[in-house]
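The values are calculated or read from the model by the stated rules, or taken from the named source; none is laboratory data. Since we're looking at a predicted model, the values are computed, not measured. Glycine gets a Cβ as well: all are built from the backbone with ideal geometry, and neighbour counts include every protein chain shown. Accessible surface is based on the protein model in full, side chains and every heavy atom, while ligands, DNA and RNA are left aside. Shrake-Rupley method; radii C 1.70, N 1.55, O 1.52, S 1.80 Å.
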Amino acid sequence: MGHHHHHHHYAHYTHHYRAWDASGVSARRRLVGAIAAVAVLLTVGSLAGAQATYTRRMDLGGGLAVARQCWRGARGAVTCLAWTPTGFVFGDAARALEDARTFARVPSSGRLIALSGPLTGWPPRLLGSDDGGAHWNDLHWEGGALPSVFAFANRSSDGVAAGDGGHVWSTSDGGAHWADHGGDTRTWTALAIAHGTIVLVDSMGNTFRSSDGGFTRERLPTEGATTLEQRDDEILVHAYTAECVVRRGDGVRCTARPE
């Protein structure tokens with residue numbers, strides 16, 4: 001991952017050397033420049049190594065993923081290198097995607113979705129690709145609030161997104177158009193959708209289910225750290241206090257974890 005980043009820089013430096021060649025700078029000065037460039041990169045690498053570097057990875061399903069190296073600075077600020085894709089390409093939107101806030105994939109169609117990051121400027125762009133990332137275009141997004149997590153049903157074009165200001169959005173056309181169901185004071189951290197039922201988890205570990213795209217919600221009897229497992233026709237809720245199965249029309253079945 002880090003290697004990719006360095007190649008990117010070397011390509012950049014090489015480009016400069018060619019420009020200098022044309023102006024007749026001596027080979028020796030070019031060599032000194034090259035050594036200096038390598039030294040700078042090695043220093044940056046060792047600074048990153050001194051702090052705890054970690055890899056952030058998002059698995060998009062279907063063998064596709066993105067990953068990036070990050071590290072925490074002295075004051076807790078997180079710095080990350082560019083995302084690199086596996087199983088797809090960033091194509092004509094590479095600048096916007098290397099710094100993207102989040103990625104998603106629509107399993108039923110293979111469409112890729114990404115929200116451009118802070119370096120790409122304001123307002124962020126919701127981008128979509130239907131050809132494995134070769135070409136990206138802007139998807140229709142209303143309003144100033146931005147999504148941070150997406151989920152798409154395994155077998156239909158239904159999807160849900162959640163983000164800033166507790167907003168929840170739903171789509172029925174694979175992410176081309178979105179309806180805003182309004183916000184509240186929650187921060188949503190995880191989502192799943194199966195067969196028209198949505199499960200949402202907030203940052204406090206509260207879990208809710210909804211049958212109308214996230215507009216009306218019913219709280220599940222679970223607490224604590226919670227992960228969601230989305231299947232074709234049900235959602236498994238693995239919470240600290242209980243395990244639940246959520247199915248459309250079937251209500252919620254929960255089993256308490258033994259103390």
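The selection criterion, being aliphatic (A, V, I, L, M) and either open to solvent by less than 30 Å² (accessible area, probe 1.4 Å) or modelled with pLDDT of 95 or more (or both), holds for Leu112.
Set side by side, the residues Glu229, Glu223, Glu234 differ, and just one is at negative phi, charged (D, E, K, R) and open to solvent by less than 30 Å² (accessible area, probe 1.4 Å), which is Glu234. Only residues that are under 17 Å from the mean Cα position of the chain (by Cα), within 22 Å of Ala239 (Cα to Cα) and open to solvent by less than 10 Å² (accessible area, probe 1.4 Å): list them for region 164-192, please. Within region 164-192, Val168, Trp188, Ala192 meet the criteria. Could you go through region 211-219 and let me know if any residue there is buried (at least 20 other Cβ atoms within 10 Å of the Cβ), among the hydrophobic types (A, V, I, L, M, F, W, C) and touching a residue at least 12 places away in the same chain (Cβ under 8 Å). No, there is no match, as no residue in region 211-219 is buried (at least 20 other Cβ atoms within 10 Å of the Cβ), among the hydrophobic types (A, V, I, L, M, F, W, C) and touching a residue at least 12 places away in the same chain (Cβ under 8 Å).
If only one of Leu200, Leu191 is more than 21 Å from Leu112 (Cα to Cα), in contact with a Leu (Cβ under 6 Å, 6 or more places away or on another chain) and either at pLDDT below 95 or part of a strand (DSSP E or B) (or both), which one is it?
Leu200
Looking across region 63-102, the residues that are in contact with a helix residue (DSSP H, G or I) (Cβ under 9 Å, 6 or more places away or on another chain), touching a residue at least 40 places away in the same chain (Cβ under 8 Å), part of a loop (DSSP other than H, G, I, E, B) and buried (at least 18 other Cβ atoms within 10 Å of the Cβ) come down to Leu81, Ala82, Phe90.
Within the option set Gly196, Gly182, being touching a Ser or Thr at 6+ places or on another chain (Cβ under 8 Å) and either closer than 30 Å to Asp92 by Cβ or touching a residue at least 12 places away in the same chain (Cβ under 8 Å) (or both) holds for one residue only, Gly196.
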